[in-house]
1. Among the residues of the stretch 260-278, is any in contact with a helix residue (DSSP H, G or I) (Cβ under 6 Å, 6 or more places away or on another chain), surrounded by 15 or more Cβ atoms within 10 Å (Cβ to Cβ) and assigned to a loop (DSSP other than H, G, I, E, B)?
2. If you go through the stretch 279-331, how many residues are assigned to a loop (DSSP other than H, G, I, E, B) and β-branched (Val, Ile, Thr)?
3. Assess whether Arg303 counts as being buried (at least 23 other Cβ atoms within 10 Å of the Cβ), under 25 Å from Asp169 (Cα atoms), in contact with a strand residue (DSSP E or B) (Cβ under 9 Å, 6 or more places away or on another chain) and touching a residue at least 40 places away in the same chain (Cβ under 8 Å).
4. Identify the residue in the stretch 400-446 that is among the polar types (S, T, N, Q) and in a helix (DSSP H, G or I) and, among all such residues, is farthest from Arg39 (Cα to Cα).
5. Might you check whether a residue that is among the hydroxyl-bearing types (Ser, Thr, Tyr), within 16 Å of the ligand (Cβ to nearest atom) and not assigned by TED's automatic domain parsing to the domain that holds Ile397 occurs anywhere in the stretch 166-188?
6. Restricting attention to the stretch 431-445, which residues are within 23 Å of Glu93 (Cα to Cα) and in contact with a helix residue (DSSP H, G or I) (Cβ under 8 Å, 6 or more places away or on another chain)?
7. Which ranges mark the helices (runs of 4 or more DSSP H) fully within the stretch 102-209 that have 2 or more residues being among the small types (Gly, Ala, Ser) and at pLDDT 90 or above?
Amino acid sequence: MTGTEVLRDGAGIVRGACHHDCPDTCAWEVTVIDGRAVRLRGVDDHPFTAGELCPKVNRYLDRVYHPDRILRPLRRVPGSRKGEARFEPITWEEAIAEIAERLTEAIGRHGPETVLPYSFAGTQGLVQMGVMSQRFFDAMGATRVHRHLCGVTAWLGAADVHGVPLGMDPEDLRHSRTILLWGTNTLVTNRHLWPTIEAARAEGAVVVVVDPVRTTTAERADRHVQLRPGSDVALVLGMLHVIDRDGLVDRAFLEDHTSGWDELLADARRVDLDATATITGVDVATIEWLATTFATRRPAAVRVLVGLEHRQHGQEAHRALAMLPAVTGAWRERGGGLCRSTQQYFDSVLVDPVPRRTDGRPPRVFNMAALGEVLTDTDLDPPITALIVHNCNPATITPDQNRVLAGLARDDLFTVVMEQAMTDTARYADLVLPATTQVEHLDLMNAWG
Ligand code: SF4
């Protein structure tokens, strides 16, 4: 939270931003009276937020002051089972002393890689999510996790085609005349982009939702193409077939800016549209309309978000979609191209200047998706005997849940969880430390899409 405006003695407005894993990153202001936050609302003069948060966050202060908040360190009652969630309050001094003692003991026996810090995007922000815990644990020499549960599929898919995982500015969609909202429920999960889309529509844009689900956004679109789940790549290849067949390929753009396009089009030429219709559940006439509209009603853009990341072969789907605007030369025009995430624009300027490991050795790294495997692998050398979780609830969000729970239940695993309230993961902790909410700490936020 930053930027306090004093209203009167004991009262003020604190400006901040939403911490959720949401591309909008709304700006908010919190009215504080006598140290208590009494009102939270979207900032009127922030152009993207325009005074409106979303239903998920409008009542965030109820969470902040909820009676179930964890406000003191908790220790598992001696003799109780992990997962039972029987805890007793202890002081911060006791908690910190016990953590220091147990980590020192574990490192003394197995080396620093026996410690596994595990975190993700529960509360975003450069401090909470970004640098602080990594600096601390890297200096220790702990094992590191790659935070690769979902977003990486989109980065790699786009980067496979573009070289970098960057795309167009979402606000440039106002210049588009065809907008394909592909696997994204904009009105619900990216709602502050909707006015931009409506502005484009007022100028004649056609808005098409491509989604297996009849979402709220699909209800409001000009057309809903309801493909079968997981058939995105087949649909894109069918579109490329039509674009090539009907002479809508921008060969000059491909020759000037790409390589390998002749092989791609040779593959697309072999596509049998009847087979595409069978695979996707989308009839041939609709595939032809979608392809022709995207190639000819310009500028034309594809908007993707996290929907495709959350399923098998998400990388291939993003890769296929990234080829579409290249083949039609949609990138030539403002409002044309692939619109995904702007995160990497910020990454290039907000690099962490602090060196990581002090001994110069590369850290041992696991993908966070493999937590269950890592915690239950009896041959792992050194084994993970200390797990420090923050900003994350792996008992719920990490794949292979039964193995994760089996790992968390290990008696020889010392687990510390930092949390705002009791979660499925915290129930398995030896120690639970209270964590702050977004209105209780300082941070720096960037929007990502
Ligand atoms: S729309 Fe997104 S950024 Fe805005 S308040 Fe809701 S969750 Fe937060």
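1. Yes, the stretch 260-278 contains a residue that is in contact with a helix residue (DSSP H, G or I) (Cβ under 6 Å, 6 or more places away or on another chain), surrounded by 15 or more Cβ atoms within 10 Å (Cβ to Cβ) and assigned to a loop (DSSP other than H, G, I, E, B).
2. Number of matching residues: 3.
3. Numbers: buried (at least 23 other Cβ atoms within 10 Å of the Cβ): yes; under 25 Å from Asp169 (Cα atoms): yes; in contact with a strand residue (DSSP E or B) (Cβ under 9 Å, 6 or more places away or on another chain): yes; touching a residue at least 40 places away in the same chain (Cβ under 8 Å): yes.
Criteria met by Arg303.
4. In this case the residue turns out to be Asn402.
5. First, the residues of the stretch 166-188 that are among the hydroxyl-bearing types (Ser, Thr, Tyr): 176, 178, 184, 186.
Within this subset, residues satisfying the condition of being within 16 Å of the ligand (Cβ to nearest atom) are 184, 186.
The next check asks that each one be not assigned by TED's automatic domain parsing to the domain that holds Ile397; those that pass are 184, 186.
The answer is yes, given that some residue of the stretch 166-188 is among the hydroxyl-bearing types (Ser, Thr, Tyr), within 16 Å of the ligand (Cβ to nearest atom) and not assigned by TED's automatic domain parsing to the domain that holds Ile397.
6. The first filter runs over the stretch 431-445 and keeps only residues within 23 Å of Glu93 (Cα to Cα), leaving 431-437, 440-441.
Across the stretch 431-445, the qualifying residues are Leu431, Val432, Leu433, Thr437, Glu440, His441.
7. On the way: elements: 132-140, 151-162, 186-189, 194-202.
Output list reads 194-202.
Rundown of residues vs (1) modelled with pLDDT of 95 or more; (2) under 19 Å from Ile96 (Cα atoms), yes/no style:
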position	(1), (2)
Asp379	yes, no
Ile388	yes, yes
Asp411	yes, no
Met418	yes, yes
Thr425	yes, no
Asn446	no, no
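The values are calculated or read from the model by the stated rules, or taken from the named source; none is laboratory data. Model, not experiment: these values are computed from the prediction. Cβ coordinates were reconstructed from backbone atoms using ideal geometry, including for glycine residues, and neighbour counts include every protein chain displayed.
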